[in-house]
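Here the structure is laid out as structure tokens; the discussion comes afterwards.
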Amino acid sequence: MLLDGSRESSNIDDRRGSGGGRIVGGGLGTLVLALVAMYFGVDPRAVIPTGNTNSNKPLTAQDAREKQFVSKVLASTEDVWHKLVPSYSDPTLVLFRGATESACGRASASVGPFYCGEDRKVYIDLDFYKELTQKIGAPGDFAEAYVIAHEVGHHVQNELGTLNRVHSLMQRAGETQRNQLSVRLELQADYYAGVWAHYARDKGLLEVGDIEEGLGAASAVGDDKLQKEGQGYVVPDSFTHGTSEQRVRWFKKGLDSGDPRQGDTFSTNDL
Ligand SMILES: [Zn+2]
């Protein structure tokens, strides 16, 4: 990405190198957290409270560079979504290491990046980016930006009332239907990430190969691919994020249209 001249967002809460936060939330919030957790193939049990593993290591120059990168990406999502949704109010991006508190419960890094609707914050342990490169096989700065844009996509859903509506449907649904609603929610977040990418491209923030990086990331985190690698077979009813093909397709749709209104993954038969 080409972010040299871009502004940084001030909506960053950097908890790395601090001793961890107060204990808040829990209960039902934990379920919601599990449902919107992005780690692609996450085990919801990873959300169960764990000990405080926050390190007190001082921040390095690399930590500062990472923070600068994510705050520029976040700022570009703010610019795009303010333009598209006049009532939009910015989410906060929390950087943590190991584990942290959210209004949706305590989260450990193993859950991967996630959005908590209760406190309107995106949470990410930036060590996840190492995993994205080494384990998931989706390297590149645009792949990293896509992760943030996807989580911000959940915030857009919150702003538009979609998240609450779908979560209340989920609470009344059986497991298979709940998973299907989750897939629709996740594919719409991928669509919104694509909408952001549309405007990032218009603004000249993308380099050659960036879109391929984003598509590669969307494909790498498909439920079918992760399940196959994890357990050797695929169980479609248990999908919560969509297949690689679906995630790529919805990201691309958003990228092509740049129009959030065309991203209704809930009423379409062609998911
Ligand atoms: Zn998600």
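The values are calculated or read from the model by the stated rules, or taken from the named source; none is laboratory data. Note that the structure is predicted; figures quoted are calculated from it, not measured. Cβ coordinates were reconstructed from backbone atoms using ideal geometry, including for glycine residues, and neighbour counts include every protein chain displayed. SASA here: full protein model, heavy atoms, side chains in, ligands and nucleic acids out. Shrake-Rupley method; radii C 1.70, N 1.55, O 1.52, S 1.80 Å.
Numbers at a glance
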read-out: At 0.692 mPa s and 37 °C, Stokes diffusion of the chain via Kirkwood alpha-carbon radius, µm² per second; value: 178 µm²/s
read-out: Virtual spin-label span in nm between GLN231 and ARG261, 7 Å along Cα→Cβ; value: 4.2 nm
read-out: Solvent-accessible area, 1.4 Å probe, carbon plus sulfur percent, for the stretch 52-163; value: 51 percent
read-out: Accessible surface, per residue, of the chain when the full set of protein chains is kept, probe 1.4 Å, Å²; value: 43 Å²
read-out: Mean Cα-pair separation over length for the chain, i.e. relative contact order, pairs under 8 Å, 6 or more apart, %; value: 21 percent
read-out: Set of lysines near LYS67 by C-alpha distance (under 19 Å), chain-local residues within fewer than 8 positions excluded; value: LYS57, LYS121, LYS130
read-out: Environment charge of PHE266, counting only residues whose C-beta is closer than 11 Å and scoring Lys/Arg +1, Asp/Glu -1; value: +1
read-out: Summed side-chain charge close to ASP79 - residues other than ASP79 whose Cβ falls under 10 Å, Lys, Arg +1, Asp, Glu -1; value: +2
read-out: Spatially proximal lysines relative to LYS203 (Cα-Cα < 20 Å; intrachain offsets below 8 disregarded); value: LYS72, LYS83, LYS252, LYS253
read-out: Beta bridges per DSSP with both ends in the chain, % antiparallel, nearest 5; value: 50 percent
read-out: Potential extension, LYS57-VAL208 segment - 0.36 nm per residue separation minus Cα distance; value: 50.7 nm
read-out: Inter-probe distance in nm under a simple model that places probes 7 Å from Cα toward Cβ, at LYS130 and GLN177; value: 4.4 nm
